[in-house]
Every structure is written in C-alpha cells, then in structure tokens.
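The values are calculated or read from the model by the stated rules, or taken from the named source; none is laboratory data. It should be emphasised that the depicted structure is a prediction, and the values quoted were computed from it without experimental measurement. Here Cβ is always computed from backbone atoms with ideal geometry, including for glycine, and neighbour counts include all displayed protein chains.
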Amino acid sequence: MALPDQAVTPPLDRDSAILERITKGDPDAYRLIMQRYRDHVAAIVAGHLPSQDVEELVHEVFVSAYRSLPAYQDTVGLDRWLSRIAVRRCHDYWRAAYRRRESPHTDLSETAAVWLTSHDGEQAALAGNRDLARQETRELVHWGLGRLSPADRTVLTLVHLQEHSVREAAELLGLSIANVKIRAFRAQRKLQTILEREAHK
C-alpha cells in the first residue's frame, strides 16, 4: 500500500501509462513503446520497401512519432497512430525516390524477363516449379510497382498486397473511402499497362 505522500507509478502494461511517463521526462519509457510496437511497424514498412531499407525507415518512424507525441490524442490508439506514421513515411520514401527518378529495385532478373515475355507463368508451374513461378510473379509485381508514382504504389500495396480493407486503407492514408477505391482502380490499371508494355518488348 502506497503512503499518501508518495506518487504511485501507473502499471506499464497500458500505453497511456507509458505515455504519461514519457511526458514526465522518463528517458526509458519511449524505449518501451519501441519494443512493444517495433514488429508491428516493421511489418508495415516491410510491405512497402525493399528489405535493405526497412530497418532505417522503422527507426525514422519512431523518431517521427516521438517528435509528434505532443500532438498525439488517444482517440485512435497508439498502434493505429504509429501505423499512419509508418504508411506516410513509406509514401515519403517513394516520393523521394520518384523525384530522383531512381528505383531501388534492380532491373528484372533474366528468369523473370523470360517469364514475362512468355506471357504465361503457368508454364513454370506446370513443370513443377510452382515456387519459382510465384517468386517470379512477385518480382514482376514489385518491379512494376517501382515504376508507379508513390501515391499509386502506396494505395496498391495497402489494398491488394497487404489486403487491408478499403476503409482501413482510407484511415491509414487520411483519405475518403471513395478516393481510395478510385485510386486503387486507376493504379491497378496503370500497373497492368506497365507489365503488358514490358511483355511486348
């Protein structure tokens, strides 16, 4: 039982208790937030970026979140707030790459190029190489995504690759549901055009 003149430290199992410690200047409290949500943030970032850039961007997400803590309102939950920051930082990453007109992905591998020109990934699957066909398809999709604008890439990744609902994607991007539907549809058509053009080279 705590004495009346002693401050009671809130339990650390709740985010609000940890955030309260952060606002009171506890230097170790933010580390608890990072430990609790690191895997969550890393999974989001890994779905949007090349693997070699994931760790650095995860760090940037937590730095951005720390700087934004004074504006945080506990209306959506810390996990959703961090998710929004992560998606926006991924979008910033691709916007910067797009401005430089660089793609962090390498050109298509020789096997993927052969697969694309054959117009039929099922041939590899029929030959017993289902894993190879899936890997080549995944590589082609990521190659094509690298040629889209950052906004198109982000919405397609959220809705089609990570299988978020349109409502969830809208919430993460800060857009209306109708806007996400339209963007996803248009981005999918652009990706299809890019892949078809490459197939006919």
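Report, ordered by the first and then the second residue, all pairs with beta carbons closer than 6 Å, sequence separation of six or more or different chains, a first member in the range 154-178 that is farther than 19 Å from Lys190 by Cβ, and a second member that is β-branched (Val, Ile, Thr) and not in a loop (DSSP other than H, G, I, E, B).
From the range 154-178, the pairs are Arg167/Ile177; Ala170/Ile177; Ala170/Val180; Leu172/Val87; Ile177/Val166.
Is it true that some residue in the range 39-61 is closer than 16 Å to Ala29 by Cα and touching a helix residue (DSSP H, G or I) at 6+ places or on another chain (Cβ under 8 Å)?
The answer is no; no qualifying residue exists.
Could you list all residues from the range 167-183 that are surrounded by fewer than 18 Cβ atoms within 10 Å (Cβ to Cβ) and assigned to a helix (DSSP H, G or I)?
Residues satisfying the conditions are Arg167, Glu168, Ile177, Ala178, Asn179, Lys181, Ile182.
Among (1) at pLDDT 75 or above; (2) crowded, with 17+ Cβ neighbours inside 10 Å, which single condition is Ala112 missing?
Checking Ala112 against (1) at pLDDT 75 or above; (2) crowded, with 17+ Cβ neighbours inside 10 Å, the one that fails is (1).
Could you please let me know if Arg89 is loosely packed, with under 15 Cβ neighbours inside 10 Å, closer than 18 Å to Val159 by Cα and in contact (Cβ under 8 Å) with a residue 40 or more places away in the chain?
Details: loosely packed, with under 15 Cβ neighbours inside 10 Å: no; closer than 18 Å to Val159 by Cα: yes; in contact (Cβ under 8 Å) with a residue 40 or more places away in the chain: yes.
Judged against the criteria, Arg89 is not a match.
Does any residue in the range 22-46 that is over 29 Å from His142 (Cα atoms) come within less than 9 Å, Cβ to Cβ, of a residue that is hydrophobic (A, V, I, L, M, F, W, C) and outside any helix (DSSP H, G or I) six or more places away or on a different chain, and which pairs are these?
Ala29/Leu12; Leu32/Leu12
Could you name every one of the helices (runs of 4 or more DSSP H) located completely within the range 13-94 that has at least 3 residues being at pLDDT 90 or above?
29-46, 51-68
In the list Tyr66, Tyr30, Tyr37, which residue meets the criterion of being aromatic (Phe, Trp, Tyr) and over 30 Å from Leu161 (Cβ atoms)?
Tyr30 is the lone residue from the list that is aromatic (Phe, Trp, Tyr) and over 30 Å from Leu161 (Cβ atoms).
If you check Leu195, Leu140, Leu161, which single one turns out to be among the hydrophobic types (A, V, I, L, M, F, W, C) and closer than 15 Å to Ala46 by Cα?
Leu161
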